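Chemist: Would you mind keeping the following structure in view while I ask a few things?
Taken together, the values in this text are just the output of simple stated rules run on the coordinates, not laboratory data. Everything quoted here is computed from the prediction, not taken from an experiment. Virtual Cβ from ideal backbone geometry, glycine too; neighbours counted across all protein chains shown.
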Amino acid sequence: MPDGRDVHPVDARQREALGCHLQAFCNDIDGVRSVVLASVDGFAVVPGAGTHGNGERLAAMTSAMLALAGAVGRELALGELEVLMLEAGGGKVLMLALPSQPAPLLLMTACDQRCVVGKVLWRAKECGRNIVAELSGSRADPQGHMGLDNQRGATWQDSIRP
C-alpha cells in the first residue's frame, strides 16, 4: 500500500490552503483542541491545527479507528462509514471519512466538553467539503464558508449566483 504522501500529493499552495481550512475550522468552534487531515493509511496529509497531540500519531490512530469502525459497519451491512464519534470524561473526538480521489481522506477533530457535537459535526462536514473541493481543483472559499446549499455539496460561489 502506498503511503499517504504519494496517494495525495499536495503542493505548497494546496498545503497552505488546506492548512487555512483546518485552522479556520479550529478557530470557529470554541473548545476545539486539535484537527488533523490524514490519509487512509495513517499519514498526516498536512500538519494538524490546534495545540494538543502529535499530528502524525493522531493521523495513524484516526486511520486505525476508522478502519475498525468500517469493518464493524460492513459486518452489520450498514453501508459506507461516514462518521465515528467518541466521548470521554474530558472531551469528544469526531472522525469523518471524506470522499476524495484517488483515495478517501480522514478528518479528525478533538474537542473539550464545551463543544456541542452537532455543531462540531456540521462544521467538520463543511470543512471536509472545502478540503475535497481544494484538492479536486474546484474553487473553495479561503475562509471555509460553504454558502447556503451545503447539504448538496454546493460551493460558496453557488449561493451567490443569480
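Chemist: Could you point to the residue in Gly128, Gly79, Gln101 farthest towards the positive end of region 4-146's charge dipole, with +1 and -1 charges on the Cβ of Lys/Arg and Asp/Glu respectively?
Modeler: Of Gly128, Gly79, Gln101, it is Gly128.
Chemist: Which value, in Å³ per residue, describes the convex hull spanned by the Cα atoms of region 51-102?
Modeler: In region 51-102, the Cα convex hull volume per residue is 104 Å³.
Chemist: Please give the FRET efficiency for Gln113 paired with Leu68, using the beta carbon to beta carbon distance and R0 = 22 Å, rounded to the nearest 0.05.
Modeler: 0.35
Chemist: Another question, if that's okay. Direction-averaged shadow area of the convex hull around the Cα atoms of region 4-146, nm²?
Modeler: Over all viewing directions, region 4-146 projects a mean Cα-hull area of 8.1 nm².
Chemist: Bin all alpha-carbon pair distances of region 88-131 at 10 Å intervals from 0 and give each bin's fraction as a whole percent.
Modeler: For region 88-131, the binned pair fractions read 27, 50, 20, 3 percent.
Chemist: How about region 43-114: which trypsin sites (Lys or Arg not before Pro) there lie in a loop by DSSP and see at most 13 other Cβ atoms within 10 Å?
Modeler: Hits after loop and neighbour filter: Arg114.
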